[in-house]
1. Select from the range 138-192 the residues that are acidic (Asp, Glu) and in contact (Cβ under 8 Å) with a residue 12 or more places away in the chain and write down the one among them that is least open to solvent (accessible area, probe 1.4 Å).
2. Anything in the range 19-37 that is out of contact with any helix residue (DSSP H, G or I) (no Cβ under 7 Å at 6 or more places or on another chain) and modelled with pLDDT of 95 or more? List them, or say none.
3. Does at least one position in the range 142-164 carry a residue that is modelled with pLDDT under 95, outside any helix (DSSP H, G or I), more than 26 Å from residue 118 (Cβ to Cβ) and small (Gly, Ala, Ser)?
4. Would you pick out the residues in the range 113-128 that are in contact (Cβ under 8 Å) with a residue 60 or more places away in the chain and either open to solvent by 10 Å² or more (accessible area, probe 1.4 Å) or of a type in the set (A, V, I, L, M) (or both)?
5. Taking the condition touching a Lys or Arg at 6+ places or on another chain (Cβ under 6 Å), of a type outside the set (A, V, I, L, M) and under 30 Å from residue 108 (Cα atoms), does residue 163 pass?
6. Can you find a residue in the range 234-241 that is of a type outside the set (Asp, Glu), part of a loop (DSSP other than H, G, I, E, B), within 26 Å of residue 164 (Cα to Cα) and touching a residue at least 40 places away in the same chain (Cβ under 8 Å)?
Amino acid sequence: MSQTPLTDRPALLRQRARARRAPALFLHEIAADEIEDRLAVVNKSFTTPAIVTGFPDFWQARHPAATVTGDADTLALRPGAHDLVIHALCLHWANDPVGQLVQARRALCPDGLLLAVLYGGDSLHELRAALAQAEADVTGGLSPRVLPMGEIRDLGALLQRAGFALPVADRLPLDLCYPDALALMRDLRRMGEGNAMTARPRNALRRAVLARACDIYAREFAHPQGGIRASAEMIFLTGWAPDDSQPKPLRPGSAAARLSDALGTRENPLED
């Protein structure tokens, strides 16, 4: 039995096309700056980078020498052709995120680097809660309105499943401020981050639900500086294509020195 995909890809592509007419890409700016900071501390030069993204014009401008491709189910990247792959703020929409990472690893030469950034589970939790409560109050039901996003522990485990060496996951929490919930929703459309889930309701959000959600949001999630708070969380995943030159853990019992000697402390054996 085939599984229904989480993301409606044609709908997502339509949303991105509309967003490109007047985009709001300040979160992409933050992600790009963070990636450049991370690359600056890596003791290695990269000459054949590739970028996977839903907004190619922005990322191509930031990295003119890179091969830039879309986040289709099958990535248009040649195996072993790149020493760096950046997966830029689109992995959260992937119907098969492990498959995307496996393809990225195959596109890397040995000891090539993957840097993936995506939105994490803390993102838009205020909007999710306000919409859910409003719909329950008004209609007595609940519909999928905000994309579910992964937690850092689960996302980090994807790197190991995809076969990367030396996997690392870290997060960047962001505290955003908007005048009201409607302003936030407008910005999400300009980011191409509207509701493109396959299971989304096809009818427009009822006015009574929207008004109730705005009231709940303003009451429950007011920002100290005025307006409302909107949380965003970026998860950064770092992994290397396996290579014999990379450090490997020692076998248990193969240490040549005691930890207590290195720390200058006394070793107390455990009782049987």
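The values are calculated or read from the model by the stated rules, or taken from the named source; none is laboratory data. Fair warning: this is a prediction, and the values are worked out from it, not measured in the lab. All Cβ positions, glycine included, derive from the backbone under ideal geometry; neighbour counts span all protein chains shown. Protein only, heavy atoms only, side chains kept; ligands, DNA and RNA dropped before computing areas. Shrake-Rupley method; radii C 1.70, N 1.55, O 1.52, S 1.80 Å.
1. Step one: filter the range 138-192 for residues acidic (Asp, Glu), giving 151, 154, 170, 175, 180, 187.
Checking which are in contact (Cβ under 8 Å) with a residue 12 or more places away in the chain leaves us with 151, 170, 175, 180, 187.
Values: 151: 96, 170: 47, 175: 83, 180: 65, 187: 21 Å².
The selected residue is 187.
2. If the condition is that a residue be out of contact with any helix residue (DSSP H, G or I) (no Cβ under 7 Å at 6 or more places or on another chain) and modelled with pLDDT of 95 or more, then 26, 27, 29, 30, 31, 33, 34, 35, 36, 37 are the ones that fit.
3. No, the range 142-164 has no match at all.
4. If we filter the range 113-128 for residues that are in contact (Cβ under 8 Å) with a residue 60 or more places away in the chain, which is where we start, we get 113-127.
113, 114, 115, 116, 117, 118, 119, 121, 122, 124, 125, 127 - these are the residues of the range 113-128 that are in contact (Cβ under 8 Å) with a residue 60 or more places away in the chain and either open to solvent by 10 Å² or more (accessible area, probe 1.4 Å) or of a type in the set (A, V, I, L, M) (or both).
5. Values: touching a Lys or Arg at 6+ places or on another chain (Cβ under 6 Å): yes; of a type outside the set (A, V, I, L, M): yes; under 30 Å from residue 108 (Cα atoms): yes.
Taking the combined requirement at face value, the residue satisfies it.
6. Here is the first cut: in the range 234-241, the residues of a type outside the set (Asp, Glu) are 234-241.
From what is left, the residues that are part of a loop (DSSP other than H, G, I, E, B) are 241.
Those still in the list that are within 26 Å of residue 164 (Cα to Cα) too: 241.
Going one step further and asking which of them are touching a residue at least 40 places away in the same chain (Cβ under 8 Å), we end up with 241.
Yes: the range 234-241 contains one or more residues that are of a type outside the set (Asp, Glu), part of a loop (DSSP other than H, G, I, E, B), within 26 Å of residue 164 (Cα to Cα) and touching a residue at least 40 places away in the same chain (Cβ under 8 Å).
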